[in-house]
Structure formats: C-alpha cells, structure tokens
1. Need at least 2 residues that are at pLDDT 90 or above and more than 24 Å from A:T3 (Cβ to Cβ) per element, so show me which strands (runs of 3 or more DSSP E) inside the stretch A:58-114 make the cut, counting only ones lying wholly within it.
2. Can you tell which of B:K68, B:K78, B:K58, B:K42 is open to solvent by 10 Å² or more (accessible area, probe 1.4 Å), under 23 Å from A:I4 (Cβ atoms) and of a type in the set (K, R)?
3. Somewhere in the stretch A:75-86, is a residue surrounded by fewer than 17 Cβ atoms within 10 Å (Cβ to Cβ), within 13 Å of chain B (Cβ to nearest Cβ) and small (G, A, S)?
4. List the pairs whose first member sits in the stretch A:1-19 and is free of Cβ contacts under 8 Å to residues at least 60 places away in the same chain, whose second member is part of a strand (DSSP E or B) and not hydrophobic (A, V, I, L, M, F, W, C), and whose Cβ atoms are under 6 Å apart, counting only residues at least 6 apart or on separate chains?
5. Residues that are open to solvent by 30 Å² or more (accessible area, probe 1.4 Å), within 12 Å of chain B (Cβ to nearest Cβ) and either more than 14 Å from the chain's Cα centre (by Cα) or without any contact (Cβ under 8 Å) to a residue 40 or more places away in the chain (or both): does the stretch A:20-36 have at least one?
6. What's the number of the condition B:F63 fails, among (1) within 14 Å of chain A (Cβ to nearest Cβ); (2) open to solvent by less than 20 Å² (accessible area, probe 1.4 Å)?
7. Looking only at the stretch B:9-30, filter to residues that are within 11 Å of another protein chain (Cβ to nearest Cβ) and touching a Gly at 6+ places or on another chain (Cβ under 7 Å); which one of those is farthest from B:A86 (Cα to Cα)?
Amino acid sequence: SQTIHQWPATLVQPVGSPLSLECTVEGTSNPNLYWYRQAAGRGLQLLFYSVGIGQISSEVPQNLSASRPQDRQFILSSKKLLLSDSGFYLCAWSLRDATQETQYFGPGTRLLVL
Amino acid sequence: AQSVTQLDSHVSVSEGTPVLLRCNYSSSYSPSLFWYVQHPNKGLQLLLKYTSAATLVKGINGFEAEFKKSETSFHLTKPSAHMSDAAEYFCVVVSGGSYIPTFGRGTSLIVHP
C-alpha cells in the first residue's frame, strides 16, 4: 500500500531564516506530487505541482520554491521566510499520467514564523 | 474553468440528527467531484469520489453524496451525526483532462451532544 510522509511535523522559525520541508511517497512510482498551504481559517491554496523529476509548476508567485530531486521526493524551500509564510503545509500525491485522480494527503507540517 | 462553492462556512447539528453539507460547482467538462474531511492539525482524508458512474456515491463513515448535474450540486449527507464527525469538510472539483483540483473554502461541522 502507498504511504506519504512529511517532516517535520511542526516548525518554528524566525523571520529571514531558510526553510526546507520534505515529502516522500512510498509504494508507488512516478506519482504526481503537490504542495498546498492552508492558512488559519482558510481553504487550501495550491503552491506547486510536479508530474515528474525536475518538472515543477508554480501556481502562485511567492517567496517559496519547490524541487523534486528524486521520483518520490518533493521539497518545499525558502531562502528567507516571511511572517506571511506561517501556515499548515500539506503534501499530496496522485497517480501519474492520470487526470482527475484522487489526491492522497500527508499529515502536514505546521510552520510558525516569528 | 472550474470552481466550487461551499454554501455554509459552519453547520451545527445535534448528535443523532441528519447532516447536510452543501456544495455547488462549475466545470467546463466532465468533472470529477470529491469530498474530504480534515480533523484538527491533520491531513485531509478522502470521504468519497464521483467519476461519472452512479450519481449517488457512498463513502466512508456513513456519508454519501448525490451528483445532480441539472443543479450543479454535490451535497454531502449523513443520516445521523456522531460526535466524531466534528471536523472541516472540503468539496473539490477537477475538470476533465486536468491534473489540478479546485478546493472549496471548507465547511466546519459542529456536533452538539
């Protein structure tokens, strides 16, 4: 069966510090991968998605970047965090080469920027 | 283009009474529709999915939803609420040929004893 992991679970960082959040998927090959942010009391905002190694699409301009160095690894980064980067970050996967497929979510990372 | 509107930001019910969470969508072509549930500080869990088969979809934990094309709706229901159903619920649409879902803003379900 497939599993998705995110770490860390929680993170408190000062403004201006770098960020690296990691997401890995097990039990499937060539998945589509997604990063979302959920601000307090708001819905999910799609940040990035990837349909293959090295292929990253950005949905909104912002202070963040994403990379996919391996097939089942998706990393969210920032060089300098802003207060507005605080939120709950969720990674998700779906089957590759399949549209309209179910997305399966990881447990999330709670980021607080102070 | 696709969009989804969850008509209620909060729904409050008593334990044992029916639940109705409303969702309307727009989609240019053959949508797939989903409902997810999120408990506090957790990831999203799939409740059910519609993909142009039966219009009445049964999901986990006693939830079901009915796809009504004429009304562009996909409301989520449950006959009898349980305290453990208290959570945030998201309606999601993905248009035909798309990888990218659109999420509703969520409905918070409150269950009173």
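1. So the answer is A:109-113.
2. Numbers: B:K68 fails: under 23 Å from A:I4 (Cβ atoms); B:K78 fails: under 23 Å from A:I4 (Cβ atoms); B:K58 fails: under 23 Å from A:I4 (Cβ atoms).
Just one listed residue meets the conditions, B:K42.
3. no
4. A:T3/A:E26
5. no
6. Of everything listed in (1) within 14 Å of chain A (Cβ to nearest Cβ); (2) open to solvent by less than 20 Å² (accessible area, probe 1.4 Å), B:F63 misses just condition (1).
7. Here the residue is B:Y29.
The values are calculated or read from the model by the stated rules, or taken from the named source; none is laboratory data. What you are looking at is a predicted structure, and each value in this text was computed from that prediction instead of being measured. Neighbour counts run over all protein chains shown; Cβ positions are idealised from the backbone, glycine included. Ligands, DNA and RNA are excluded from the accessible area calculation, which covers all protein heavy atoms including side chains. Shrake-Rupley method; radii C 1.70, N 1.55, O 1.52, S 1.80 Å.
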